[in-house]
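Below: the structure, in structure tokens.
What follows is calculated from the coordinates using simple rules that are stated; it is not laboratory data. Note that the structure is a prediction, hence the values are computed from the model and not measured.
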């Protein structure tokens, strides 16, 4: 099964991707993890990304797309995967469509996790306190949620229109949300 997991920061994408990975025996692939792997191992793609990161710039979509395609083509992803954190914009949706066609691996579902903004703010502030994340101030959290709403949330309609969207309320307990996702996928 090939899945995207989408939703704003604090909605539980990473947690649910890890649980789905165990349940479905497919890798959970986070774009952040892919970047860290390529940077740490100084792969050609990692070195290319490092040139942007060292200048404080965002890695361009074209390079992000190459890094994602490289990861999806690895042996452990042959039987499926859960992609967390990609695509983030319409250009990346188009690039993902092309790479999946080239790899001969169509997308099965896009899972959209939903929660009210107040719940997300509370979760992220709690996470910042627990993890000591100085960059998670209420102002920065609100800005991230605004960026998500403006840039990434519109992608949900793309997958809804394709008949691939599974929407899940993520305000319950972790196990309950996981069961709801699995039930919706079956």
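Note: relative contact order over the chain, using C-alpha pairs below 8 Å and six or more positions apart, is 32 percent.
Comparing 143, 13, 78 in a Gaussian network model of the chain (Cα springs below 10 Å), the most mobile by mean-square fluctuation is 143. Taking the square roots of five times each eigenvalue of the Cα gyration tensor of the chain, the equivalent ellipsoid has semi-axes of 24, 22, 16 Å, listed largest first. Kindly identify the stretch 36-103 as rounded, prolate or oblate by the Cα gyration tensor criterion: order the square roots of the eigenvalues as a ≥ b ≥ c, call it rounded if a/c is under 1.5, otherwise compare a/b with b/c, prolate if a/b is larger, else oblate. Oblate. The stretch between residue 76 and residue 169, if pulled fully straight at 0.36 nm per residue, gains 30.5 nm over its current Cα-Cα span.
Over all pairs of different C-alpha atoms in the stretch 86-186, the reciprocal of the mean inverse distance, the Kirkwood hydrodynamic radius, equals 15.5 Å.
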